[in-house]
């Protein structure tokens, strides 16, 4: 998987009955260097992950990718074996030319604190006082409807109300 970018969505294609292991360290060792269980969780086949780093170390005969797995209440970052991942879309989720969205609020309540939120596209600006998502792209302030926000973002950034 050459020339991947942070934010690229990948599909889990493993054939294992349990799914693909998301690991704390990029190694097949069952435990980490400090003695923890190395497997964080199993990601089901056909689930999606988002690339967190373009670094792809080779260890134990595998390319390892640092990915984020988000499903329902689960939001974990770890390492996955590259041969069990494939590009999910032809166009990666890379954000806009101005960069990722920051300072995100819904009805004046902060959301996604400390997370990078990558836009598929910049949603249209709207005027209003309720049910409005506000955010910044670079230094530019934006406000949009929750429906437009959810259309413009990947599944992991959609508001679940």
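The values are calculated or read from the model by the stated rules, or taken from the named source; none is laboratory data. Remember, it's a predicted structure, so these values are computed and weren't measured experimentally. Here Cβ is always computed from backbone atoms with ideal geometry, including for glycine, and neighbour counts include all displayed protein chains.
Contact map, segment 1-13: first residue within 11 Å of residue 82 (Cβ to Cβ), second residue outside any strand (DSSP E or B) and modelled with pLDDT under 80, Cβ cut-off under 8 Å, separation 6 or more or different chains; pairs are 4/92; 10/1; 10/88. Criterion first (at pLDDT below 65, outside any strand (DSSP E or B) and under 30 Å from residue 28 (Cβ atoms)) does residue 93 satisfy it? Yes; evaluated as a whole, the condition is true for this residue.
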